[in-house]
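One structure below.
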Amino acid sequence: MKENVFDTLEKRGFIKQTVYKDDLYKLLGSQSVIFYCGFDPTADSLHIGHFIPLMMASIMQKAGHKPILLVGGGTAMVGDPSGRNDMRSMMTKETIEANVAKIKVQLGRFVSFEGENAARIVNNADWLLNLNYIDFLRKYGAYLSVNKMLTADCFKTRLEKGLSFLEFNYMPMQAYDFLRLYEDYGCALEIGGNDQWSNILAGADFIRRVAHKDAYALTCTLLETKDGKKMGKTQKGALWLDAERTTPYEMYQYFRNVDDEEVENCLRLLTFVELDEIKALCAHRDERMNVAKKRLAYEVVKLIHGEDAANKAQSETEAAFEGGSSEMPVSEISANGDTQIVDVMVSVGVAKSKSEARRLIEGGGVKVDETKVDNVAGKISDYTKNNEFVLSKGKKTRLKVKY
């Protein structure tokens, strides 16, 4: 008997919150369910935080359910206040449209657009940008409770510092998205990260009030470290799914070096490795955990960038840390012998700023080839006469620099 996808998701640790659990469980086990997941184009790339809902969507599609991936070209014009202490910067319509185009390409890597349960991509700009505000208020305003909205977590923190009326409209807009997808495609379930719980729940409740039909909300766990902080931050900022913003090598390095306590959870959430194999890989909390970390890094890069990129990142890592430098990742910069090492570090991305580079040097963690950099004002020529060298930061970052 085929396993209910709810059980599959629960065993792998995806499910964080839901409502009408028993009814949703029966629905997922009895028929193909149309569901959706939304992504606002606040940047020209998705990041690792979007990975888990995409994995959930992929697992559900493989189990026979039909995904709709919604790109928020309309809601991005308003801005989601969830998880924010301040108002988001307003983006131009042109910027949003450019971001939408790039994100659509990335979404296509995780789901299939062929077969009986083929995925579809929609853009809520198609119905939100031409929405008549007065008509919307008259038709749906009575179904939206201000009191209930103000109890939502996404508004609570903002009320103390100031919540704009612009942002206050975000939740009704997302709720309307769910209603439109229900009416147009028969979508009965919205999934997303747990930070979107209030918005997703509002949408399901909106359908039940307006259409008097069943609708469901399901959130997945966020990718967090053992101390509760969001994972996915690097020296350059977020861990992006765009190879130009975060290279496959950088992605590989990030997951190759996660804490031992986080490896098993990452394998369950970010890969399709079977649970029995994950248990075996993570059975020993000693040097054998390195095998699990390598598997994690390889599988994540393969999913995001493809097998060739994963093989290349793996070989570059082995060259950088287990052998010679022939296959080590290379950064070419504009420099000369008089260029300071701190400038090199910023140029190749191993430090965000000169001040951070100086602190790293003062801490004794920076090397040029095998020579420790001991002067914050040191130049390339102080440590090598060659026009290429290996720059090391601590034990986990090594790359070849050419100029």
Estimated inter-spin distance, Glu370 and Lys402, nm [label 7 Å along Cα→Cβ]: 2.4
Base-10 log of normalised Debye intensity for the stretch 310-403 (one unit scatterer per alpha-carbon) at q = 0.16, 0.19, 0.25 Å⁻¹: -0.59, -0.83, -1.36
Modelled FRET efficiency - R0 45 Å, Asp7 with Ser353, Cβ distances, 0.05 increments: 0.40
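Once the cut-off is 29 Å, how many percent of the Cα-Cα pairs in the chain end up in the long-distance tail? Don't jump to the answer; show the numbers that get you there.
Numbers: 41340 of 81003 pairs.
Across the chain, Cα pairs with separations above 29 Å total 51 percent.
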Kirkwood-based Rg to Rh ratio, the stretch 244-403, C-alpha trace: 1.03
Percentage of interatomic Cα-Cα distances in the stretch 271-321 larger than 14 Å: 56
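Taking only DSSP H segments of four or more residues, each worth -39500 (n - 2.57), what value at 222 nm results for the chain once the sum is divided by all its residues, to the nearest 500 deg cm²/dmol?
Numbers: 18 runs with 184 residues, N = 403.
So the helix-based figure for the chain works out to -13500 deg cm²/dmol.
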Cα-based Rg and Dmax for the stretch 111-185, where Dmax is the largest Cα-Cα distance (Å): 15.7, 49
Computed label-point distance, nm, for sites Ile59 and Arg208 using a 7 Å Cα→Cβ extension: 2.4
By accessible area with a 1.4 Å probe, ligands and nucleic acids excluded, highest first: order of Ser32, Ser331: Ser32, Ser331
Contour excess over end-to-end distance, with Cα ends at Leu131 and Asp308 and 0.36 nm allotted per residue: 59.2 nm
Solvent exposure ordering (accessible area, 1.4 Å, most first) of Phe39, Phe165: Phe165, Phe39
At R0 = 25 Å, FRET efficiency that the Cβ-Cβ distance of Gln31 and Phe272 yields, to 0.05: 0.55
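Can you send over the carbon and sulfur percentage of the accessible area for the stretch 309-403, probe radius 1.4 Å, protein chains only? Write out the running numbers ahead of the final one.
Values: 2060 of 4930 Å².
Carbon and sulfur together cover 42 percent of it.
Accessible area, 1.4 Å probe, largest first: how do Glu94, Glu224 sort? Mind showing how you got there, number by number?
Details: Glu94 125, Glu224 75 Å².
Accessible-area ranking of Glu94, Glu224, largest first: Glu94, Glu224.
Take the residue pairs Lys226/Lys293; Lys62/Lys293; Lys367/Lys396; Lys102/Lys352; Lys294/Lys395; Lys102/Lys230 and return only those whose Cα atoms are more than 18 Å apart. Working shown, then result.
Values: Lys226/Lys293 16 Å; Lys62/Lys293 26 Å; Lys367/Lys396 12 Å; Lys102/Lys352 26 Å; Lys294/Lys395 16 Å; Lys102/Lys230 24 Å.
Correct reply: Lys62/Lys293; Lys102/Lys352; Lys102/Lys230.
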Extension gain (nm, one decimal) between Val19 and Glu261, 0.36 nm per residue minus Cα-Cα: 84.1 nm
Estimated distance in nm for a label pair at Asp343 and Asn147, the labels positioned 7 Å out from Cα along Cα-to-Cβ: 6.5
Zone residues, the stretch 129-148, relative to Phe165, backbone N less than 15 Å from point 7 Å out along Cα-to-Cβ: 133-134, 137
All Cα pairs of the stretch 187-270, percent lying beyond 15 Å: 67
For the stretch 222-292, the Rg and Dmax computed from alpha carbons only, in angstrom: 12.8, 36
For the stretch 1-69, the fraction of alpha-carbon pairs in successive 5 Å shells from zero, as %: 3, 14, 25, 27, 15, 8, 5, 2, 0
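The values are calculated or read from the model by the stated rules, or taken from the named source; none is laboratory data. Predicted, not measured: the structure shown is a model, and the values here were computed from it. Because the Cβ atoms are built from the backbone with ideal geometry, glycine has one as well, and the counts that use them run over all protein chains shown. To get the accessible areas, we keep the full protein, side chains included, count just its heavy atoms, and leave off ligands, DNA and RNA. Shrake-Rupley method; radii C 1.70, N 1.55, O 1.52, S 1.80 Å.
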